[in-house]
Amino acid sequence: MLARDNIKKLAAEAGFDLCGVAPCRPFPNNEAWFRGWLDAGYQSSLGYLERNTEKRFDPARLVEGAQTAVVCGVAYKNRFSGGYPPGYSTKVASYACAADYHTTLRRMLRSLFEALATRHPGLTGRAFVDTAPLCEKQLAVEAGLGWIGRQSLLITPQFGSYVLLGELLLCAPTDRYDRPFGESRCGNCRNCIDRCPTGAIVRERVIDTRRCISCHTIEKEQAAGVDLDGWIFGCDACQNCCPYNRRAPEHRLAAFDPVFDPLSMDAAAWSALDEAGFEALCGCTPLTRSGLERIRLNARRNASAEHAPAETPHEEWPPTL
């Protein structure tokens, strides 16, 4: 049997800022809600979300014999988290200014699993970093890490929503599990809903990807009538205004240091890059998912539009409870 405290100790040694342990069980209420969200068409072009729904909400169907979910988190806030100068038209989501977190977290999870397997020969399981149908945010709640905010992101008391998650589903029980996180601590705060530039948060915890800037800059080309609000890859608007994020500390791991400065890259600079220059500047970052031509297109669209001033910091703390 695995020891919860030992799992957390080894997770910290692997570099994780957060770790919680939850039993693997089905989440029928989450599944029913998600199917309703799909039926409403809010997934738009993200057809992959329609597959393997039954596995998404039952970890044991995803990994046969899974009994324990180890949910790990890393804080990634950097100097670009929190907003850009007014009218800036080549904004990049702050997580994407660093090396691709999928690679970093997989390496950390592999280290954690190997340390566990050394102590428990024959241990089996599987690691996940946002690459398979897994209800990771709900598992994070079950593991006591935080709550799901009105913008549908996990919010942690220590690091706000500037947290990247990775999981181990292990085919063994632990001596004890963490207590699920209690009620939401958002209180009456509606900053994320009210300050979404396109109204993509149609109501509490409901995202319409047809309006989501992050979706339109990464997943699919911009639809008619969707203003990118100066973003060329991703969007942090619903995070920049969160009181918990305003108070969150910056990341501590060097692996999450920005590898390029988006403030030095206006539309002309992106246009001047060739593929070799793009690879040299940000070839290790998530921007390669879109590619240079797509980023140039987004920058041109922003350059031809007028934008309101960037979101300003929200200084009220704590939010009204």
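Read-outs throughout are calculated quantities, based only on the coordinates presented, and are distinct from any laboratory measurement. Values in this document were obtained by computation on a predicted structure and should not be read as measured data. All Cβ positions, even for glycine, are placed from backbone atoms using ideal geometry, and neighbour counts span all protein chains on display.
Couple of notes before you dig in:
- Each Cα pair under 8 Å and six or more residues apart adds its sequence gap; the mean of these over the residue count of the chain is a relative contact order of 26 percent.
- Only helices enter the 222 nm calculation for the chain: every DSSP H run of n ≥ 4 contributes -39,500 (n - 2.57), and dividing by all residues gives -8000 deg cm²/dmol, rounded to 500.
- Exposed GluC sites (Glu not before Pro) absent - longest run of the chain, DSSP non-H/G/I/E/B, at most 15 other C-beta within 10 Å: 65-182
- Rounded to the nearest 20, the size of the Cβ-charge dipole of the stretch 97-149 about its Cα centre is 180 debye, with Lys and Arg at +1 and Asp and Glu at -1.
- Each of Ser304 and Leu46 was given a label point 7 Å from its Cα along the Cα-to-Cβ line. The distance between the two points is 2.7 nm.
- Net charge of neighbours whose Cβ lies under 11 Å from the Cβ of Arg56, counting Lys and Arg as +1 and Asp and Glu as -1: -1
- In terms of other Cβ atoms within 10 Å, His102, His251 run from fewest to most in the order His102, His251.
- For the pair Gln158 and Ala254, label points projected 7 Å from Cα toward Cβ lie 2.2 nm apart.
- Each of Ile7, Ile148, Ile155 was scored by other Cβ atoms within 10 Å of its Cβ. Listed from fewest to most, they are Ile148, Ile7, Ile155.
- Simple Cβ-charge dipole of the stretch 218-309, Lys/Arg +1 and Asp/Glu -1, about Cα centre, in debye nearest 20: 280
- Burial ordering of Tyr84, Tyr244, fewest other beta-carbon atoms within 10 Å first: Tyr84, Tyr244
- Simple point charges give the picture: +1 on the Cβ of Lys and Arg, -1 on the Cβ of Asp and Glu, and for the chain a dipole about the Cα centre of about 620 debye.
- Dipole of the chain [Lys/Arg +1, Asp/Glu -1 at C-beta], most positive-end residue of Met108, Gly87, Ala268: Met108
- Rg/Rh for the stretch 1-122 (Cα atoms only, Rh after Kirkwood) is 1.05.
- Placing unit charges on each Cβ (+1 for Lys and Arg, -1 for Asp and Glu) gives the chain a dipole about its Cα centre, and among Asn78, Val259, Cys189 the Cα reaching farthest toward its positive end belongs to Cys189.
- Around the amide H of Leu145, modelled in the peptide plane, lie the amide H atoms of Phe181, all under 5 Å away and 5 or more residues distant in sequence or on another chain.
- Largest to smallest principal axis extent of the C-alpha atoms in the stretch 195-271, angstrom: 37, 36, 18
- In this structure, the pairs whose alpha-carbon distance is over 24 Å, taken from Lys9/Lys137; Lys55/Lys137; Lys55/Lys91; Lys77/Lys137, are Lys55/Lys91.
- Subtracting the Cα-Cα distance of Arg110 and Asp39 from 0.36 nm times their residue separation leaves 21.9 nm of extension gain.
- Annotation: extensible slack from Arg79 through Thr118 equals 10.2 nm (criterion: 0.36 nm per residue apart, minus Cα-Cα distance).
- Nonlocal amide H pairs with Thr68, under 5 Å, H built at 1.01 Å: Cys24, Leu170, Ala172
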